[in-house]
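Everything on this sheet refers to the single structure shown next.
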Amino acid sequence: PVARSADIEFETIFRNKVMQPLLRRLAMMGTKAPRVVIAPSPRDLGHDYVLPQPPLSGDFLEVDGDEAEAMERITFVGNPCTLRIGRAGEANPVTLGLVTADIIKELVASSASRFIPGSSDPYGAACSNIIQQRNYLPVFPSAPGTPIDLAHLQDGGMFPDYTPDILVFGSDMKAFVKNCEDVLCVNASRVAFGSKTYARIKVFPAPVEDRVVNRSLVEIINL
């Protein structure tokens with residue numbers, strides 16, 4: 001309602017409604033504050049909406065004191081992106097692929113065959129397509145709501161030289177947790193509207209040879 005009735009910039013809304021409350025909360029938690037990763041979405045106002053998307057910028061934020069220290073715990077990433085999660089110098093960190101575009105919905109809708117042989121699971125088939133093609137955005141042509149610049153697909157749209165241990169999606173489709181090709185695939189759906197769900201992922205320590213999908217616990221939580 002504020003954006004419709006007043007001349008206000010996206011950066012102002014993002015700063016006042018998202019970043020400032022987040023920074024205050026992190027500052028209150030002190031050394032116990034978690035690391036926060038913020039990825040853009042094609043639905044964001046005031047940001048490049050063509051995929052792959054560059055990270056959001058925090059340059060417009062004016063912070064000092066405790067909030068400046070809290071800002072160091074926030075990482076802005078592109079969409080899609082691949083994260084390596086672990087302590088500095090750790091030899092075998094957990095790797096996580098993240099895409100906030102609704103690529104699962106597009107794959108299910110555009111597939112000539114929605115199932116992989118021997119399966120009746122369209123969501124699992126969509127995840128397998130992503131993993132087998134090593135491409136976070138394996139849709140051509142893309143739908144109007146998910147514009148993809150194929151010329152820049154190498155700038156974050158493809159897997160690195162390894163397959164992530166975990167793939168996390170932000171799709172409007174029903175939330176799910178699946179083991180696809182020995183990769184833990186999680187669709188947390190949408191927390192702000194629709195299903196109002198989010199995912200909590202716990203990865204337990206184990207020998208290197210034990211795959212992450214075999215030592216993880218995922219909870220889909222309803223608000």
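Restricting to region 49-93, and then to whatever is part of a strand (DSSP E or B) and more than 17 Å from GLY170 (Cα to Cα), can you tell me which residue is most open to solvent (accessible area, probe 1.4 Å)? Break it down stepwise before answering.
Start the filter on region 49-93 by keeping residues that are part of a strand (DSSP E or B), which leaves 51, 53, 74-76, 79, 81-85.
Cutting the leftovers down to more than 17 Å from GLY170 (Cα to Cα) gives us 74-75, 84-85.
Values: ILE74: 17, THR75: 49, ARG84: 144, ILE85: 87 Å².
In this case the residue turns out to be ARG84.
Filter region 174-205 down to residues that are part of a loop (DSSP other than H, G, I, E, B), open to solvent by less than 40 Å² (accessible area, probe 1.4 Å) and on the phi < 0 side of the Ramachandran plot, then give me how many there are.
3
Considering only residues that are acidic (Asp, Glu) and at pLDDT 80 or above, look in region 86-128 and name the one that is farthest from SER142 (Cα to Cα).
Taking the candidates together, the pick is ASP121.
Out of the residues in region 206-217 that are open to solvent by 60 Å² or more (accessible area, probe 1.4 Å) and not in a helix (DSSP H, G or I), which is nearest to THR163 (Cα to Cα)?
Only one residue fits best here, namely ARG211.
Please verify whether LEU51 is modelled with pLDDT of 85 or more, under 14 Å from the mean Cα position of the chain (by Cα) and of a type in the set (A, V, I, L, M, F, W, C), treating the condition exactly as stated.
In short, yes.
Only one of VAL177, VAL186 is out of contact with any Phe, Trp or Tyr (no Cβ under 8 Å at 6 or more places or on another chain), of a type in the set (A, V, I, L, M) and either within 23 Å of ASN135 (Cα to Cα) or in contact (Cβ under 8 Å) with a residue 60 or more places away in the chain (or both). Can you tell me which?
VAL177
Could you list, in sequence order, the residues of region 122-143 that are among the hydrophobic types (A, V, I, L, M, F, W, C), part of a helix (DSSP H, G or I) and either in contact with a helix residue (DSSP H, G or I) (Cβ under 6 Å, 6 or more places away or on another chain) or open to solvent by less than 10 Å² (accessible area, probe 1.4 Å) (or both)?
ALA125, ALA126, CYS127, ILE130
Let's see how each residue does on (1) without any contact (Cβ under 8 Å) to a residue 60 or more places away in the chain; (2) closer than 30 Å to ASN92 by Cβ:
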residue	(1), (2)
SER128	yes, yes
ILE131	yes, yes
ASN135	yes, yes
GLY145	no, no
GLN154	yes, yes
PRO164	no, yes
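The values are calculated or read from the model by the stated rules, or taken from the named source; none is laboratory data. Predicted model only: the values in this text are computed from it and were never measured. Note: ideal-geometry Cβ built from the backbone for every residue, glycine included; neighbour counts use all protein chains shown. When the accessible area is computed, the model is the full protein with side chains, heavy atoms only, and any ligands, DNA or RNA have been set aside. Shrake-Rupley method; radii C 1.70, N 1.55, O 1.52, S 1.80 Å.
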